[in-house]
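Novice: Can you keep this structure in mind? I'll have questions shortly.
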Amino acid sequence: MKMPIFLPVYHPLKKIVSIEDIKKSGAEGIITNAYFIYSNEELKKRVLEKGIKKAFGFEGFVMTDSGAFQQLSLGQKVTTNEEIVKFQDKLGADVITIFDEMVFSDESDSQISKKMDANIERYKEAEKIARTNTAFVLSTAGNEKMMEKYAKIAEKLNPKYLAFGNFVPPFTMNHNIAGLMRILKKGIEILKPDYPVHLFGSGHPDEMGFFVYIGINVFDSANYAIYAEKGIIFTEKGTKKIDRINFNKCECDICRNNSIKKMQKDFTLTAKHNLNFCINEIGIIREKLKENSLKEYLLKKSKLNDHLKKAYDEL
Ligand SMILES: [Zn+2]
């Protein structure tokens, strides 16, 4: 697995961007929700029969998420950890995820401890029953003391893959990228990981480079499609309302073959461009890493807005 990597979220039942478009973008991996597969009989049968890569028509890296978040949104737990881990293990993905307890920013130390202790038990259970590599999920929201405690415990578990869970929403709601970087750095300093470190739900093209610099190397996001639905396009100059631009300097196949006017009328075109843009950004970051010039690149990025300026000061 080449890193850093951006994994577009692929929803097998709601295809704004098809697997063909994902392949065309140059994406080397995808992440998909095992719970959606689990809860659709037809899809479940097909994926179990063929294996996830054949069923989706995607040869690259495939990670499955357990759908803990989606089940929480439904207000009920449909699966246990054991069930969803066993199910994911049968799909033929490269990395699977425990049924993690999500931590929220208003929770106390003892509430967080209870949830993280459960995540550790579930990880141990998954390690016993699954042949596939399992992602250990570390989730403490903004609580630094808990980050310190559980990064130390996680280090002893010696995971092969680590995912920081549910850190992105509370911080990015206020565009507090610097604050998010600060807490992640605390964990990374303790863990000193030599394995993939994934920041769940992060994949904004303006921000990925900053996270790479502090040691994150796997991103996933559905924002390319969610932003497009809201009429937002990723550009070299940051995110813009597509209705307010007349020109976009982009060489991707979508922008070469469609006018801005046409893209303004069809958000799926913007979604495809946004995806191309994220993949291209990862390519740039890889180049800058090779040239040892990521920090200079981020200095330029930091001029886009105040949030990124603060993020730069955190490097
Ligand atoms: Zn484009």
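The values are calculated or read from the model by the stated rules, or taken from the named source; none is laboratory data. For clarity, every value in this text was computed on a predicted model and none was experimentally measured. Note: ideal-geometry Cβ built from the backbone for every residue, glycine included; neighbour counts use all protein chains shown.
Novice: Which residue, of 22, 37, is under 13 Å from residue 91 (Cα atoms), in contact (Cβ under 8 Å) with a residue 40 or more places away in the chain and buried (at least 18 other Cβ atoms within 10 Å of the Cβ)?
Specialist: On the way: 22 fails: under 13 Å from residue 91 (Cα atoms).
Just a single option satisfies the conditions, and that option is 37.
Novice: Hey, can you tell me all the residues within region 255-305 that are hydroxyl-bearing (Ser, Thr, Tyr), away from the ligand (no atom under 16 Å from the Cβ) and surrounded by fewer than 16 Cβ atoms within 10 Å (Cβ to Cβ)?
Specialist: Pass one, region 255-305, residues hydroxyl-bearing (Ser, Thr, Tyr): 259, 268, 270, 293, 297, 302.
Next cut, away from the ligand (no atom under 16 Å from the Cβ) only: 293, 297, 302.
Correct list: 293 only.
Novice: Sort through 242, 254, 285 and tell me the only one that's at pLDDT 95 or above, of a type outside the set (S, T, N, Q) and touching a Ser or Thr at 6+ places or on another chain (Cβ under 7 Å). It would help to see each step written out before you state the result.
Specialist: Numbers: 254 fails: touching a Ser or Thr at 6+ places or on another chain (Cβ under 7 Å); 285 fails: touching a Ser or Thr at 6+ places or on another chain (Cβ under 7 Å).
Answer to the selection: 242.
Novice: With the structure loaded, tell me whether residue 66 is surrounded by fewer than 14 Cβ atoms within 10 Å (Cβ to Cβ), modelled with pLDDT under 95 and polar (S, T, N, Q) or whether it fails that test.
Specialist: Numbers: surrounded by fewer than 14 Cβ atoms within 10 Å (Cβ to Cβ): no; modelled with pLDDT under 95: yes; polar (S, T, N, Q): yes.
Against the criterion (surrounded by fewer than 14 Cβ atoms within 10 Å (Cβ to Cβ), modelled with pLDDT under 95 and polar (S, T, N, Q)), residue 66 does not qualify.
Novice: Please pick out the residue among 215, 203 that is more than 9 Å from the ligand (Cβ to nearest atom), touching a residue at least 40 places away in the same chain (Cβ under 8 Å) and under 29 Å from residue 102 (Cα atoms). Quick ask: steps written out before the conclusion?
Specialist: Values: 215 fails: touching a residue at least 40 places away in the same chain (Cβ under 8 Å).
From the options 215, 203, the qualifying one is 203.
Novice: Could you please let me know if residue 195 is more than 24 Å from residue 232 (Cα to Cα), among the hydroxyl-bearing types (Ser, Thr, Tyr) and out of contact with any helix residue (DSSP H, G or I) (no Cβ under 8 Å at 6 or more places or on another chain)? Steps first, answer last, please.
Specialist: Details: more than 24 Å from residue 232 (Cα to Cα): yes; among the hydroxyl-bearing types (Ser, Thr, Tyr): yes; out of contact with any helix residue (DSSP H, G or I) (no Cβ under 8 Å at 6 or more places or on another chain): yes.
It is true that residue 195 is more than 24 Å from residue 232 (Cα to Cα), among the hydroxyl-bearing types (Ser, Thr, Tyr) and out of contact with any helix residue (DSSP H, G or I) (no Cβ under 8 Å at 6 or more places or on another chain).
Novice: Look through 252, 278 and report the one residue that is in contact (Cβ under 8 Å) with a residue 24 or more places away in the chain and more than 22 Å from the chain's Cα centre (by Cα). Before you say what the answer is, go through the steps one by one.
Specialist: Numbers: 278 fails: more than 22 Å from the chain's Cα centre (by Cα).
Result of the check over 252, 278: 252.
Novice: Hey, another quick one. Examine region 286-294 for a residue that is in a helix (DSSP H, G or I), in contact with a helix residue (DSSP H, G or I) (Cβ under 6 Å, 6 or more places away or on another chain) and closer than 20 Å to residue 222 by Cβ, and state whether such a residue exists. Working first, answer last.
Specialist: Applying the first criterion (in a helix (DSSP H, G or I)) to region 286-294 yields 286-290, 294.
Those left that are additionally in contact with a helix residue (DSSP H, G or I) (Cβ under 6 Å, 6 or more places away or on another chain): 288, 294.
In the following step, the residues that additionally are closer than 20 Å to residue 222 by Cβ were identified as none.
No: zero hits.
Novice: Something else about it: Read through the list (1) closer than 21 Å to residue 201 by Cβ; (2) modelled with pLDDT under 95, then give the number of the only condition that residue 60 fails.
Specialist: That leaves (2) as the condition not met.
Novice: A further question on this structure: Kindly provide the set of residues from region 104-128 that are closer than 20 Å to residue 85 by Cβ, within 22 Å of the chain's Cα centre (by Cα) and among the small types (Gly, Ala, Ser), ordered by number.
Specialist: Within region 104-128, just 126 meets the criteria.
Novice: Within the group 290, 295, 272, which residue is closer than 18 Å to residue 26 by Cα, at pLDDT 95 or above and basic (Lys, Arg)?
Specialist: On the way: 290 fails: closer than 18 Å to residue 26 by Cα; 295 fails: closer than 18 Å to residue 26 by Cα.
The match here is 272.
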